[in-house]
Amino acid sequence: MDVDVRSRLAALPSVHAVLGHPALQGAPHAVAVEAARASIAAARTRLLLGENIDVDAVVEDARTRVAEACRPRLRRVINATGVVLHTNLGRAPLAAEVVAAVHDVARGYANVEMHLDSGQRGGRLDGVAGPMRQATGAEAAIAVNNNAAAVLLALTALGRGREVIVSRGELVEIGGSFRVPDVISAGGARLVEVGTTNRTRAEDFARAITDDTAVLLRVHPSNFRQVGFVHRPDRKALVKVAAEHGVTLVEDLGSGLIGAPPVDGMGLDDERVELALADGVDLVCFSGDKLLGGPQAGIIAGRSALVQRLRKHPLYRALRLDKLGLAALEATLRMVAEGRAGDIPTHRMLAAGLDSIRAAAVDLADRIPGAKVVRDHGVTGGGALPGRGLPTWVVALPDARCDRLLQQMRTGEPAIVARVADDTVRLDPRTLMPGEAAEVAAGVKAARARCEAMG
């Protein structure tokens, strides 16, 4: 190491000196110490690589690190991707009145497990069960923290130590390595596969039932669709088989649509919770944050005696919703039960017509220099409605450095998430919340400026 390098290394500020700089005054001490140490270490590495580093650069780097460390990890994002139920962005956005209900419960105490009229202890699911019965006709319902938990609870409480029969064509894996065989195994049940990958009939289930069979499981295909020479057992036929043999039929309905589809002609009767229950399915499990348009939750609806068995199982306590989730779910279900599902953002986005989307795209494009309005396709997302695209109009931004622009948009305030197609950054107004168009235009302008400054 030559003398010049040694002298410059010796000139690097100490942690104490960095902490004493006015730029870091008022920063949380532990955060500032960690940032100062990291900045000094980074400067030392860069000096050894031949770069010139001064004290001001070290302090500025430490200030930037402190600001980033103090910024909340989970924060608001504007979804301009056109993916309505974007799993990485938290799936369904909540309706304004649902947000208000959560705020009201979050800001103080709430009667989570108390009947206010008597002062006695009450059930934490009372607010969910009522509107669920009204919306679906279910005898009873409970909610846990997601649909994977709902399926796990049902299979553990009803099938532990016994057989669960599933079609080979429905032994699916969805996001996060959630595999149906693994869930059955985790619940302590034994998997019995019937049929083939592409064709399974109700008779296959009937032939496989033994005295040790507890559950027939019908599984939502989620992220894929089978086409061609395929056959899936008819729901009513499975109901008949289950009834004749005295076993329970559980359907993992996944996306959990309640009521009429947001868009006419989508052919979603097989997704509707109330129709599955009307057909005679004993228990239906589905998500709260997909087509229902509510918070993350796993809902189990169906026969009262079976629901009570699940509620009394020790696993339920480990999986149950907290007061904020309960408030959001109750408020969402009340909107559906009262016939106001169209006011839920997910439903509004899915039902948006091409004319209104194009008008919104034109308005947004007029705010952004060089933008063009073009036809495109979005998707529902979240494993819901696989293979069904959503025709749309988008704002296309031609840019030779699309990835850099995307990155600068994501790291802006607020963060804006878009996508790239045909060498253009694309902004889909379908998934923008009211009032966000102006923020998107300003965010694109700021991101472009940062890209120019980077050279």
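The values are calculated or read from the model by the stated rules, or taken from the named source; none is laboratory data. Keep in mind it's a predicted model, so treat the numbers as computed, not measured. Every residue, glycine as well, gets a Cβ built from its backbone with ideal geometry; the counts of neighbours run over all protein chains shown.
Among the residues of segment 316-330, is there at least one that is within 16 Å of residue 156 (Cα to Cα), touching a helix residue (DSSP H, G or I) at 6+ places or on another chain (Cβ under 8 Å) and not hydroxyl-bearing (Ser, Thr, Tyr)?
Looking through segment 316-330, at least one residue is within 16 Å of residue 156 (Cα to Cα), touching a helix residue (DSSP H, G or I) at 6+ places or on another chain (Cβ under 8 Å) and not hydroxyl-bearing (Ser, Thr, Tyr).
Would you check which residues across segment 68-104 are outside any loop (DSSP other than H, G, I, E, B), out of contact with any strand residue (DSSP E or B) (no Cβ under 6 Å at 6 or more places or on another chain), of a type in the set (A, V, I, L, M) and under 22 Å from residue 331 (Cβ atoms) and list them?
Once the filter is applied, which keeps residues that are outside any loop (DSSP other than H, G, I, E, B), out of contact with any strand residue (DSSP E or B) (no Cβ under 6 Å at 6 or more places or on another chain), of a type in the set (A, V, I, L, M) and under 22 Å from residue 331 (Cβ atoms), segment 68-104 yields 96, 98, 99, 100, 101, 102.
Please identify the pairs in which a residue from segment 207-218 that is under 9 Å from residue 166 (Cβ atoms) and in contact (Cβ under 8 Å) with a residue 12 or more places away in the chain has its Cβ atom under 6 Å from the Cβ atom of a residue that is buried (at least 21 other Cβ atoms within 10 Å of the Cβ) and of a type in the set (Asp, Glu), counting only partners at least 6 apart or on another chain.
Once the first residue is under 9 Å from residue 166 (Cβ atoms) and in contact (Cβ under 8 Å) with a residue 12 or more places away in the chain and sits in segment 207-218, its partners that are buried (at least 21 other Cβ atoms within 10 Å of the Cβ) and of a type in the set (Asp, Glu) give 218/251.
Go through (1) within 30 Å of residue 390 (Cβ to Cβ); (2) out of contact with any Asp or Glu (no Cβ under 6 Å at 6 or more places or on another chain); (3) of a type outside the set (Ser, Thr, Tyr) and name the single condition residue 78 misses.
Exception for residue 78: condition (2).
Can you tell me which residues in segment 138-159 are closer than 11 Å to residue 315 by Cβ, surrounded by fewer than 24 Cβ atoms within 10 Å (Cβ to Cβ) and within 23 Å of the chain's Cα centre (by Cα)?
Selection gives 149, 152.
Give me the residue from segment 318-362 that is more than 19 Å from residue 104 (Cβ to Cβ) and hydroxyl-bearing (Ser, Thr, Tyr) and, out of that set, surrounded by the most Cβ atoms within 10 Å (Cβ to Cβ).
The qualifying residue surrounded by the most Cβ atoms within 10 Å (Cβ to Cβ) is 346.
Which residues, taken from segment 406-430, are of a type in the set (Asp, Glu) and within 14 Å of residue 377 (Cβ to Cβ)?
The answer is 422, 428.
Would you mind finding the one in 397, 321, 315 that is over 24 Å from residue 291 (Cα atoms) and assigned by TED's automatic domain parsing to the domain that holds residue 99?
315
Take the conditions of a type in the set (Val, Ile, Thr), assigned by TED's automatic domain parsing to the domain that holds residue 358 and not in a strand (DSSP E or B) and apply them to residue 440. Does it pass?
Taking the combined requirement at face value, the residue satisfies it.
Is it true that residue 61 is surrounded by 12 or more Cβ atoms within 10 Å (Cβ to Cβ), free of Cβ contacts under 8 Å to residues at least 40 places away in the same chain and out of contact with any strand residue (DSSP E or B) (no Cβ under 6 Å at 6 or more places or on another chain)?
It is true that residue 61 is surrounded by 12 or more Cβ atoms within 10 Å (Cβ to Cβ), free of Cβ contacts under 8 Å to residues at least 40 places away in the same chain and out of contact with any strand residue (DSSP E or B) (no Cβ under 6 Å at 6 or more places or on another chain).
Please state which one of 27, 35, 11 is over 17 Å from residue 68 (Cα atoms) and either in contact with an Asp or Glu (Cβ under 6 Å, 6 or more places away or on another chain) or of a type in the set (Gly, Ala, Ser) (or both).
11
What is the one condition in (1) more than 29 Å from the chain's Cα centre (by Cα); (2) over 24 Å from residue 182 (Cβ atoms) that residue 238 does not satisfy?
Result: residue 238 passes all but (2).
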